[in-house]
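Remarks on the structure that follows.
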Amino acid sequence: MSAARDPTSPAAPGANAAGLTRADYRGAPSTLCPGCGHDSITNHLQTALFEADISPLRAAKFSGIGCSSKTTNYFMNQSHGLNAVHGRMPAIATGALLANHTLLGIGISGDGDTASIGLGHFVHILRRNVKLVYIIENNGVYGLTKGQFSATADLGTLSKAGERNELPAIDCCAVSILMGCGFVARSFSGDRKQLVPLLKAAMQHRGTAVIDVISPCVTFNDHAGSTRSYDYVKAHDEPLHEVGFTPGCAAHAVADDEGESPTEVELPDGSVIALRKLEREHDPRDREAALRLLEQARQRGELVTGLIYIDPASRPFHESLRLGATPLAMLPDEKLRPSREALQAIMAELA
Ligand SMILES: Cc1ncc(C[n+]2csc(CCOP(=O)(O)OP(=O)(O)O)c2C)c(N)n1
Ligand code: SF4
Ligand SMILES: [Mg+2]
């Protein structure tokens with residue numbers, strides 16, 4: 001497998017615009033339990049990266065600790081990658097992407113990694129709006145340490161041993177919206193049709209793009225009484241819309257058989273997210289409506305999936321800091337370090 005294509009050789013059959021095949025987006029073989037939702041997400045992520053013509057050499061993968069955090073090893077094995085301490089993925093990603101904001105950053109975290117031990121770091125990456133696709137592989141438990149409830153476990157859900165969770169869940173989508181995040185989606189690891197376009201849209205977002213993906217743990221949280229089992233999620237999944245994504249082109253609405261056109265959200269690069277309504281009305285550009293939607297879903301025990309909130313005018317952290325076009329990592333030493341004279345002048349002032 002090679003992600004660095006020789007421009008003089010003809011592209012392989014089935015290659016994308018980067019000259020790469022689907023196989024170039026693979027990583028090491030998974031060591032997760034067969035049937036784990038996290039592996040389905042890896043598969044959909046590889047598809048999205050391939051279809052979006054991403055160059056693996058221009059991408060950086062970040063994760064924390066947990067079964068979910070092992071995911072970064074299972075795709076694009078020629079990309080940069082960094083596996084952080086439990087819950088610290090956002091801090092590591094922030095540093096790396098400030099050093100080079102031209103990389104495509106992909107962060108993979110668990111619900112424990114993000115909402116339990118890492119919540120403090122999560123809210124600050126959202127507040128800063130670092131340009132990063134932030135995928136939460138949410139199974140409601142600490143899978144790696146054998147199935148304790150995480151902070152996203154629903155009140156009243158049962159553990160494998162029959163213990164009842166007595167604490168309310170933290171909704172990572174609601175937290176994200178409240179913290180100013182401009183791309184907030186929820187999906188299901190088993191819904192390729194919804195998740196692949198959401199991932200492609202997230203890669204174009206100018207800021208942190210959170211996708212909270214419900215991802216059942218077949219070993220510790222797939223039993224009756226759990227609200228994260230495959231059966232429960234399939235029975236309660238309420239997709240908001242059919243999601244389409246067209247990269248880098250002008251908007252064009254195509255009416256369906258009933259004459260209804262999709263809602264189109266145009267991103268700054270000209271890409272278009274097309275949302276074809278299903279049962280209910282929801283405009284993801286309306287922040288208050290997005291928060292109301294999540295609160296109603298919580299009260300009714302529904303699992304709404306799709307694009308919940310988007311602000312296409314979102315301003316990424318590197319622009320707030322006015323970093324300029326050249327990444328810090330590429331600036332020569334003389335631009336990064338004060339001269340000996342400048343340092344001496346500062347020391348003299350402080351003396
Ligand atoms: C500082 C620290 N505390 C606790 C642990 C033990 N630990 C490892 S993974 C994990 C939870 C992982 O849960 P989650 O992020 O939901 O990932 P999953 O395994 O469910 O995919 C815990 C508590 C650790 N590695 N480091
Ligand atoms: S323990 Fe659960 S989360 Fe971890 S690999 Fe197995 S099924 Fe997946
Ligand atoms: Mg988990």
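We did not get these values from a lab; they are worked out from the coordinates using the rules stated. Given the structure is predicted, the values throughout are model-derived calculations rather than measurements. All Cβ positions, glycine included, derive from the backbone under ideal geometry; neighbour counts span all protein chains shown.
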Can Ala60 be described as closer than 21 Å to His101 by Cβ and either assigned to a helix (DSSP H, G or I) or among the small types (Gly, Ala, Ser) (or both)?
yes
Among (1) within 16 Å of ligand 3 (Cβ to nearest atom); (2) hydrophobic (A, V, I, L, M, F, W, C); (3) crowded, with 18+ Cβ neighbours inside 10 Å, the one test that Ala201 misses:
(1)
Tell me, which helices (runs of 4 or more DSSP H) wholly within the stretch 307-351 include 2 or more residues that are of a type outside the set (D, E, K, R), surrounded by 13 or more Cβ atoms within 10 Å (Cβ to Cβ) and out of contact with any strand residue (DSSP E or B) (no Cβ under 7 Å at 6 or more places or on another chain)?
317-320
Do we find a residue being surrounded by fewer than 20 Cβ atoms within 10 Å (Cβ to Cβ), among the small types (Gly, Ala, Ser) and free of Cβ contacts under 8 Å to residues at least 12 places away in the same chain anywhere in the stretch 161-184?
yes
Filter the stretch 161-174 for residues that are in contact with a Ser or Thr (Cβ under 8 Å, 6 or more places away or on another chain) and within 16 Å of ligand 3 (Cβ to nearest atom); which is farthest from Ala209 (Cα to Cα)?
Asn165
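In the stretch 188-227, which residues are within 16 Å of ligand 2 (Cβ to nearest atom) and part of a helix (DSSP H, G or I)?
None; the set is empty.
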Given (1) within 16 Å of ligand 2 (Cβ to nearest atom); (2) part of a helix (DSSP H, G or I); (3) within 20 Å of Gln204 (Cα to Cα), number of the condition Lys70 does not satisfy:
(3)
Kindly indicate whether Arg280 is of a type in the set (D, E, K, R), surrounded by 13 or more Cβ atoms within 10 Å (Cβ to Cβ) and either touching a residue at least 60 places away in the same chain (Cβ under 8 Å) or not in a strand (DSSP E or B) (or both).
no
Would you be able to tell me the number of residues in the stretch 147-159 that are in contact with a Lys or Arg (Cβ under 9 Å, 6 or more places away or on another chain) and within 16 Å of ligand 1 (Cβ to nearest atom)?
5
Check Leu240, Leu294 and return the single one that is touching a helix residue (DSSP H, G or I) at 6+ places or on another chain (Cβ under 6 Å) and surrounded by 13 or more Cβ atoms within 10 Å (Cβ to Cβ).
Leu294
